[in-house]
Amino acid sequence: DAGITQSPRHKVTETGTPVTLRCHQTENHRYMYWYRQDPGHGLRLIHYSYGVKDTDKGEVSDGYSVSRSKTEDFLLTLESATSSQTSVYFCAIRMGGRGTEAFFGQGTRLTVV
Amino acid sequence: GQQVMQIPQYQHVQEGEDFTTYCNSSTTLSNIQWYKQRPGGHPVFLIQLVKSGEVKKQKRLTFQFGEAKKNSSLHITATQTTDVGTYFCADPNTGNQFYFGTGTSLTVIP
């Protein structure tokens, strides 16, 4: 699985609390992505990174922030979790840029109560 | 945002029947990728199509890229219970971003 680890794998948190999800890769790939997956919506891109400290918004970035201070880690933060952010979150990496395939982590199931 | 649409969203088939999912783009694609996600799992890359009209096969799976490179299809012959899951297409050429289609969830009834 291209050395991708997501943590935690499961989390239950209360509305209004901050939450940080971590994606760790061992192969120094440049491109990293965060998606959320909800029934009927497929995989929606939240944020992505194309290098250390180089990040940008995806299609559903409101309420989320990211950081990438080193190549191997890409953090997704929910500043103040809401019930609408209950979802399964996937991290993905790409070995190159355009035209290359993505490899996914195992996912994090987040429940906001 | 997403410019790649998939149909159908859900499909239930009897084991042994064929299955097809379609991916349609509003713009011409340089190439297209297909992924499979088993229930409870994560998406896994299956194949990439590059050429206009290209057809590739993986055992019972047949992937096709349209002549105009605006659509693609995945056809499974004689489905088995191991084919259960969600199939996604993806456009890997949207700059640094990477968007997936909405997916087709396949249920195979034994």
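Every number in this text was worked out from the coordinates using simple rules, so none of it is lab data. Being a predicted model, the structure only gives us computed values, none of them experimental. Here the Cβ is made from the backbone with ideal geometry for all residues, glycine too, and neighbour counts use every protein chain on show.
Some notes on this structure:
- Residues in the stretch A:58-74 carry Karplus couplings, in order, of x, 7, 9, 8, 4, x, 10, 9, 9, 8, 9, 8, 9, 3, 7, 10, 10 Hz; the curve used is 6.51 cos²θ - 1.76 cosθ + 1.60 with θ = phi - 60°, and Gly or Pro positions show x.
- Spin-label model, B:Asp18 to A:Glu14: label points 7 Å out along the Cα-to-beta-carbon direction sit 5.7 nm apart.
- Label positions at B:Arg60 and B:Thr81, each projected 7 Å from the Cα along the C-beta direction, are separated by 1.3 nm.
- Anisotropy class of the stretch A:11-79 from Cα gyration tensor, a/c 1.5 cut: prolate
- With an a/c value of 1.5 or above and a/b not larger than b/c for the gyration tensor axes a ≥ b ≥ c computed over the alpha-carbon atoms, the stretch B:61-110 is described as oblate.
- Mean Cα-pair separation over length for chain B, i.e. relative contact order, pairs under 8 Å, 6 or more apart, %: 38
- Reachable lysines from B:Lys70, criterion Cα separation under 20 angstrom, eight or more residues apart if same chain: B:Lys51, B:Lys56, B:Lys57
- Set of lysines with alpha-carbon distance to A:Lys70 below 21 Å, sequence-local pairs under 8 removed: A:Lys53, A:Lys57
- The calculated FRET efficiency for the pair A:Thr77 and B:Arg38, based on their C-beta separation and a Förster distance of 45 Å, comes to about 0.95.
- For B:Arg60, distant residues with modelled amide H under 5 Å away: none
- The string of couplings for the stretch A:49-55 from the Karplus curve (6.51, -1.76, 1.60, θ = phi - 60°) is 9, 10, x, 4, 6, 10, 9 Hz, one whole number per residue in order, with x for Gly and Pro.
- Per residue, the average separation of C-alpha pairs within less than 8 Å and at least 6 apart gives the stretch A:1-83 a relative contact order of 32 percent.
- Sequence-distant aspartates and glutamates (8 or more away, or on other chains) whose Cα lies within less than 12 Å of B:Lys36: B:Asp83
- Estimated vicinal HN-Hα couplings, Hz - the stretch B:4-15 in sequence order (Karplus 6.51, -1.76, 1.60; Gly, Pro = x): 10, 10, 10, 9, x, 7, 9, 8, 10, 9, 6, 3
- Dipole magnitude for the protein assembly as shown: about 360 debye, using +1 per Lys or Arg Cβ and -1 per Asp or Glu Cβ, origin at the Cα centre.
- Modelled FRET efficiency - R0 22 Å, A:Ser69 with A:Glu27, Cβ distances, 0.05 increments: 0.80
- The charge dipole of chain A, taken about the Cα centre with unit charges on the Cβ atoms of Lys, Arg (+1) and Asp, Glu (-1), comes to about 100 debye, rounded to the nearest 20.
- Relative counts (whole %) of C-alpha pair distances in the protein assembly as shown, using bins that are 5 Å wide: 1, 7, 15, 19, 19, 16, 12, 7, 3, 1, 0
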